[in-house]
1. Which of (1) surrounded by fewer than 13 Cβ atoms within 10 Å (Cβ to Cβ); (2) over 18 Å from the mean Cα position of the chain (by Cα) is the odd one out, the single condition E182 does not satisfy?
2. For a quick check of your reading of the model, give me the residue pairs whose first member lies in region 150-162 and is touching a residue at least 24 places away in the same chain (Cβ under 8 Å) and under 19 Å from L21 (Cβ atoms), whose second is part of a helix (DSSP H, G or I) and of a type outside the set (A, V, I, L, M), with beta-carbon atoms closer than 6 Å and at least 6 apart or on different chains.
3. For region 123-139, name all the residues that are touching a residue at least 60 places away in the same chain (Cβ under 8 Å) and surrounded by fewer than 22 Cβ atoms within 10 Å (Cβ to Cβ).
4. Which residues, counting only those in region 42-63, are in contact (Cβ under 8 Å) with a residue 12 or more places away in the chain, of a type in the set (A, V, I, L, M, F, W, C) and either farther than 20 Å from G14 by Cα or open to solvent by 60 Å² or more (accessible area, probe 1.4 Å) (or both)?
5. Kindly provide the set of residues from region 17-32 that are open to solvent by 20 Å² or more (accessible area, probe 1.4 Å) and within 10 Å of the chain's Cα centre (by Cα), ordered by number.
6. Given (1) closer than 30 Å to L162 by Cβ; (2) crowded, with 24+ Cβ neighbours inside 10 Å; (3) in contact with a Ser or Thr (Cβ under 8 Å, 6 or more places away or on another chain), where does L83 come up short, assuming only one miss?
7. Among what's in region 164-179 and is under 13 Å from D10 (Cα atoms) and free of Cβ contacts under 8 Å to residues at least 40 places away in the same chain, pick the residue that is most open to solvent (accessible area, probe 1.4 Å).
8. Of all residues in region 192-233, count the ones that are open to solvent by less than 40 Å² (accessible area, probe 1.4 Å), touching a helix residue (DSSP H, G or I) at 6+ places or on another chain (Cβ under 9 Å) and either more than 22 Å from A20 (Cβ to Cβ) or among the acidic types (D, E) (or both).
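The values are calculated or read from the model by the stated rules, or taken from the named source; none is laboratory data. Note that the structure is predicted; figures quoted are calculated from it, not measured. Backbone-built Cβ (ideal geometry, glycine too); neighbour counts: all protein chains shown. Protein only, heavy atoms only, side chains kept; ligands, DNA and RNA dropped before computing areas. Shrake-Rupley method; radii C 1.70, N 1.55, O 1.52, S 1.80 Å.
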Amino acid sequence: MKTLFVTGTDTGVGKTLVTALLCLHFQQRGLNCGVMKPFASGCDLINGQLVSEDARFLRDVTGVQDELDLINPLRLQEPLAPLMAARRGGIESANFFAQAKSALDVLLARHDLVLVEGVGGLMVPIAENNGQILTCADLIEAWQMPIVIAARRTLGTINHTLLTVEALRENRIEGLIFCDAESVPEDDLAAQTSPNLIAEMTGLPVWGNVPFLEDLSPEKLRAAAKKYLTVSL
């Protein structure tokens, strides 16, 4: 397996953190692991260049030496779905997938494994080509990548996660990682019970339960990757 796609049940569920932790986990197992976030919106304009804070975070905490233009080849300024941000910016999106694949090919030549982080959830519109709107799910299908799903634990996650699994039923799902992107009270019953029920209903392995991490320094994340991930590849 050369690639693994990290998708989420929604935006803000911790995909970037999960991607970073997975990369650190595989690095700790001796793999030369790279990271990629092909599409990013809501980027900051710095010295005349758009920069994705998520992509920079992935590069910095994992220690990879790849250029940001490869880690995140397509950047858009407005915090919208990529297709809408492209439309509003007057940017042609027909070649978005091909541009991203060119960057991925370079990373694949450098690394044993490349983790590819999606944008938003599965059905987020990314591009359009010949009148067809293409989503994150279409990207997974086009690139034939196995998948890990990042999900939250709190109320509503059962529905969101099962819908995501159902939408991916023709694809290879490797596992689930539950991540607290925000602090969750210890007595939250939904958070306590939902992961096990989702695993029971889907039959998918749980690769980890990641609590809210206030300190996102590389040292703390390396420790968290050892403590909270139980990847079964």
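1. Failing condition for E182: (2).
2. Qualifying pairs under 6 Å: A150/K15; A151/T157; A151/T161; R153/S194; R153/P195; T157/S194.
3. Listed by number, the list is empty, since nothing qualifies.
4. Once the filter is applied, which keeps residues that are in contact (Cβ under 8 Å) with a residue 12 or more places away in the chain, of a type in the set (A, V, I, L, M, F, W, C) and either farther than 20 Å from G14 by Cα or open to solvent by 60 Å² or more (accessible area, probe 1.4 Å) (or both), region 42-63 yields L45, L50.
5. Once the filter is applied, which keeps residues that are open to solvent by 20 Å² or more (accessible area, probe 1.4 Å) and within 10 Å of the chain's Cα centre (by Cα), region 17-32 yields only L17.
6. (2)
7. Within region 164-179, the match that is most open to solvent (accessible area, probe 1.4 Å) is V165.
8. The number of residues fulfilling the criteria is 3.
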